[in-house]
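One structure is given here, and the rest of the page talks about it.
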Amino acid sequence: MNPSSSTVTDELDVLQPWKQDHSQYPDVVKRLVYQNMENARALALPHVIEQLPMKPTVQGMDSPHQAGDHISYEMLTRAPHYLLTSHFTGISPKAPVRGIHRHISAPTLFCLEGRGWERNDGVLYNFEEHDLLIVPPYTAHQHGGDEDVYALIYVPETGRVHHLMGLVWREQIKLNEKPSFPQGTKPLYEDGKLIGYRILKGVLGIKEDLDVLLGSEPKREATFAARREAEPWVGEVRNTYDRYLQLMHDEAHFCRTVDHVVRSQERPWEITRQGRIKWFVHPETVTASKQKWIYMQEIPAGSRSGRHRHVAEELLLVIRGRGYDVHDGQRWDWKTGDMICVPTMTDHQHFSTGDEPALLLSATPAHYTFLGLGGIEQIEDAPEFGEDSLV
Ligand SMILES: [Fe+2]
Ligand SMILES: [Fe+2]
C-alpha cells in the first residue's frame, strides 16, 4: 500500500493547483476535481506508519514531523491525515541544553520514558513518565531531561490548521547549546556571536539566501506580549463587545495560572464502551490545551477495543504491544512504536494480539467538536465493558 517516493512526488505536483491558472473553470468543477485527487491520494497511503528516526537539529535531537510538517502543503504525504502530525524528541543524560522557540499553536508533550522539565515563559514545570505537558499559545518554551535519565518525548500536533488560518509563525529565541545545522544551512555570526542561521539559495527553490535571526519579530511581539501579559479583567462588562475585551484577559490569566502538566498518576482509569481508557485532555478538562482530545487506552492481551466511528481523524501511538486495526473492513498490523492513522469518518477497532496488554495513546483534533462535528458513534462494545461498569 505504501506508494513509491516517485509516485508521491508526482502526486504532490498535482496537489499544488496554485501553480497553474485554473480561473477558466468554475469553482464547483475545481473543487470536485481536487477532492477526487485528494481522495485517491489518501486511499493510497498506509494507515500504520513506522517512526522516522531522530536527528540532531538546531533545537536538539528531534525527529522530522511523522506525517509531514505543520505546513498544509505536507498534508497527505505520509499518512491519510489532514490535520494531525507528530514528532519525537530525545534528551540524553547531560545533553547540551536545548533551544528555545515560540509559536502560536499550543503543543502537548507526552513523556514516553524518563522524566524532565519544561520552561514556559521562564516558569519551570517538572514532568514524569506518562505525564502530559501543555504549552499555552504564544509561549516561549524549552525542555530538558533529567541529568541522569534519558527522556523521550512524543508530541502529537494539530499545528497544520494554523497554517490555514495564517498563524503558522515560528520564532527561534535561542539555539541548542551545541546546534547542528542541517544540509543547505550555515550558522550566522556577528562580532563573533552566533545570531542565527542562513538557509542557502537553491534550497526548496529559493532564489536568495534566507536569514533566520534569533529573537522576536516586532509586530508579532506586540501581539504575543499583549496576550501573554494581560492582567485579570477589572470593571463591568457593559455589552457584547466588552465580553470579547474581557476574553483576552481571561485567556491570558487562565494560561498563566492553570497547571501546565496533566499528571498521569492523578488521572483515573475508566471502563468504557470503548475499553479501558484514561483521559488526559478533552473539551471539558481544565487545561491550557483546547486543541486536542488525548487519552490512553489499555487493551488486554488477546482482547480488543470497542468498535466506533467519529467524524474526526485520529492518531494513535503504540506505546507498547502488538496487534492490528480494522478500518472499514481492512486490516492494518501494528507493533510497539508504530503510529496508527485513522482517517475521517472511518469505522475502526483495535485488536491486541501480543503477550502483554497493548498500550495506545490517542490524539484527535478538538476542532471538529468546536465546529459542531463532535460525538462518537459506538458500533460494538469492548468485551471488558459489562454490567459492573455501569455502577
Ligand atoms: Fe514548539
Ligand atoms: Fe477512535
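Of note:
- Listed residue (Leu43, Val234, Val33) projecting farthest to the positive dipole end of the chain, Cβ model: Val33
- Expressed as a whole percent, the accessible area of the chain that falls on carbon and sulfur atoms is 54 (1.4 Å probe).
- Protection proxy ranking for 329-336, 215-222, using the average of other Cβ atoms within 10 Å per residue and placing the highest first: 329-336, 215-222.
- Fraction of beta bridges assigned by DSSP in the chain that are antiparallel (%, nearest 5): 100
- Anchor Lys292: aspartates and glutamates whose Cα lies under 16 Å away (excluding residues fewer than 8 positions away in-chain): Asp131, Glu157, Glu284, Glu313, Glu314
- A straight Cα-to-Cα reach below 18 Å connects Lys30 with the aspartates and glutamates Glu11, Asp13, Asp21, Glu38, residues fewer than 8 places away in its own chain not being considered.
- GNM top mover of Ser303, Ser289, Ser23 - the chain, alpha-carbon springs below 10 Å: Ser23
- Protection proxy ranking, peptides 316-323, 236-243, average beta carbon neighbours within 10 Å, highest first: 316-323, 236-243
- With all protein chains kept in place, the per residue accessible area of the chain amounts to 52 square angstrom at a probe of 1.4 angstrom.
- Within-12-Å neighbourhood charge of Asp121 [Cβ basis; K, R +1; D, E -1]: +3
- For the residue pairs Lys55/Lys186; Lys186/Lys219; Lys94/Lys335, the C-alpha atoms sit more than 21 angstrom apart in Lys186/Lys219; Lys94/Lys335.
- The chain: radius of gyration over Cα atoms, expressed as a fraction of 2.2 N^0.38 Å: 1.04
- Whole-number D in µm² s⁻¹ for the stretch 141-294, Kirkwood Cα-pair radius fed into Stokes-Einstein, 20 °C, 1.002 mPa s: 106
- For Lys193, the aspartates and glutamates whose Cα comes closer than 18 Å to its Cα, not counting residues fewer than 8 places off in the same chain, are Glu177, Asp211.
- P(r) tail fraction, the stretch 304-385 - alpha-carbon pairs more than 18 Å apart, %: 41
- Proximal charge balance of His65 [Cβ under 10 Å; K/R count +1, D/E count -1]: -2
- For peptides 158-170, 372-384, sequence by mean Cβ density within 10 Å, most packed first: 158-170, 372-384
The values are calculated or read from the model by the stated rules, or taken from the named source; none is laboratory data. Remember, it's a predicted structure, so these values are computed and weren't measured experimentally. No Cβ is skipped: glycine too gets one built from the backbone with ideal geometry, and neighbour counts run over all protein chains shown. Each accessible area value is taken on the protein alone, full model and side chains, heavy atoms only, with ligands, DNA and RNA left out. Shrake-Rupley method; radii C 1.70, N 1.55, O 1.52, S 1.80 Å.
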